[in-house]
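Comments concern the structure below.
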Amino acid sequence: QFMNQLLGFKEDEKRLADKLGIDHCLIVNGDADQSSRVLDEMGKELNQTLQLVLPAGRLTVAVMGGTTMARVAQQMTYKLSAGRELTFVPARGGVGEAVAIQANSVAASMAEATDSKYRVLYIPENVSAETYQPLLKEPSVQEVLQLIDNAQVVIHSIGDALVMAKRRSMAPATIAKLVEKHAVSETFGTFFDEAGQVIYKIPRIGLQIPDLDHIPYVFAVAGGKSKAQAIAAYMKNAPSRTWLITDVGASNAILTGE
Ligand code: G3H
């Protein structure tokens, strides 16, 4: 029976990957909307997959922020750095999150958990372009931006567009524009409609969606039925080599089109 379950599970992973038009999906049991422990399972799955897939040697890993990323960071283990010299960097600065879930914090916790190095981007959240533009000339900021540009691995989550816009206290006029254009999905500070078309970008620094084309290893971690639409929309134009790590809650909703 266990084998059947296992095979059934694998079959769903294949069906989901086909439906989303990407190469690999991994589905853990449960629904992250019901229990945050499901995020721990997604974290373990991510850790194992990285161990299997990433090459040996020196690698820069760019990570995004969010509650999913902050939680999965706790499941990383030092085994990941066996034979690898990893440097974790934030993929983007300034999308307007609380400290604990900023990309900087995720990079630091992943580095601590894997006994690796990390660098942070000292660009304050929620400041105007006039304020942060001069900071980009600072050598310490330039150095980290270079590392981000040359990252071989990126790990990010995907969020529901309006949930993210509100959590990041975006301007009411911008939120109204997102509603008007039917935004359903957000990742990297970029908002997408149901067809996966970009409808708005938070004008900040770091990795942009087109940069993903140059990054060989891309991992997206997002679960919960409430994120099904956001995941499906983003995947319409995501790089097909993206590994999606999700849960049964999101996967079933995507597969049944609920
Ligand atoms: O870009 C996506 C968001 O960072 C996802 O945030 O993990 O807190 O839902 P979350």
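With respect to the conditions (1) surrounded by fewer than 24 Cβ atoms within 10 Å (Cβ to Cβ); (2) within 13 Å of the ligand (Cβ to nearest atom), Leu212 lacks only one, and its number is (2). With a requirement of 2 or more residues that are of a type outside the set (Lys, Arg) and over 29 Å from Ala129 (Cβ atoms), the strands (runs of 3 or more DSSP E) lying completely within the range 177-258 that satisfy it span 217-221, 243-247.
Output the residue which, of all residues in the range 218-258 that are charged (D, E, K, R) and in contact with a Leu (Cβ under 9 Å, 6 or more places away or on another chain), is nearest to Gln51 (Cα to Cα). Walk me through how you get there before you give the answer.
We begin by selecting, within the range 218-258, every residue charged (D, E, K, R); these are 225, 227, 236, 241, 247, 258.
Remaining after also requiring in contact with a Leu (Cβ under 9 Å, 6 or more places away or on another chain): 236, 247.
Working: Lys236: 27, Asp247: 20 Å.
Ranking the qualifying residues of the range 218-258, first place goes to Asp247.
Ala161 - would you say it is out of contact with any Asp or Glu (no Cβ under 7 Å at 6 or more places or on another chain) and at pLDDT 95 or above?
It is false that Ala161 is out of contact with any Asp or Glu (no Cβ under 7 Å at 6 or more places or on another chain) and at pLDDT 95 or above.
Can you tell me which residue is nearest to Leu46 (Cα to Cα) among those in the range 204-225 that are β-branched (Val, Ile, Thr) and modelled with pLDDT of 90 or more? The extreme case among them is Val221. From the list Thr114, Thr131, the lone residue that is more than 16 Å from the ligand (Cβ to nearest atom) and open to solvent by 70 Å² or more (accessible area, probe 1.4 Å) is Thr131. Residue check: Ala222 meets all listed conditions (1) open to solvent by 40 Å² or more (accessible area, probe 1.4 Å); (2) in contact (Cβ under 8 Å) with a residue 40 or more places away in the chain but one, namely (1). Comparison of Arg84, Arg58, Arg119 shows that the only residue that is more than 16 Å from the ligand (Cβ to nearest atom), charged (D, E, K, R), open to solvent by 30 Å² or more (accessible area, probe 1.4 Å) and under 30 Å from Met170 (Cα atoms) is Arg119.
Please find, among Ala151, Ala176, Ala228, the residue that is open to solvent by less than 60 Å² (accessible area, probe 1.4 Å), more than 14 Å from the ligand (Cβ to nearest atom) and either at pLDDT below 95 or over 27 Å from Ala108 (Cβ atoms) (or both).
Ala176
Is at least one residue of the range 90-99 open to solvent by 50 Å² or more (accessible area, probe 1.4 Å) and either away from the ligand (no atom under 14 Å from the Cβ) or within 27 Å of Gly224 (Cβ to Cβ) (or both)?
Our first condition is that a residue be open to solvent by 50 Å² or more (accessible area, probe 1.4 Å); within the range 90-99, this holds for 98-99.
Narrowing further to those that are either away from the ligand (no atom under 14 Å from the Cβ) or within 27 Å of Gly224 (Cβ to Cβ) (or both): 98-99.
Taking every residue of the range 90-99 in turn, at least one turns out to be open to solvent by 50 Å² or more (accessible area, probe 1.4 Å) and either away from the ligand (no atom under 14 Å from the Cβ) or within 27 Å of Gly224 (Cβ to Cβ) (or both).
The set of residues from the range 100-109 being over 19 Å from Glu143 (Cβ atoms) and more than 13 Å from the ligand (Cβ to nearest atom) comprises just one member, Ser109.
Table: residues versus (1) over 18 Å from the mean Cα position of the chain (by Cα); (2) at pLDDT below 95; (3) over 26 Å from Asn237 (Cβ atoms).
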site	(1), (2), (3)
Ala56	yes, no, yes
Gly65	no, yes, no
Phe88	no, no, yes
Val106	no, no, no
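Tallying residues that are open to solvent by less than 20 Å² (accessible area, probe 1.4 Å) and either more than 15 Å from the ligand (Cβ to nearest atom) or outside any loop (DSSP other than H, G, I, E, B) (or both) within the range 154-173 yields 7.
The values are calculated or read from the model by the stated rules, or taken from the named source; none is laboratory data. Since this is a predicted model, take the numbers as computed values, not measurements. Because the Cβ atoms are built from the backbone with ideal geometry, glycine has one as well, and the counts that use them run over all protein chains shown. Keep in mind that these areas ignore ligands, DNA and RNA; they rest on the heavy atoms of the full protein, side chains included. Shrake-Rupley method; radii C 1.70, N 1.55, O 1.52, S 1.80 Å.
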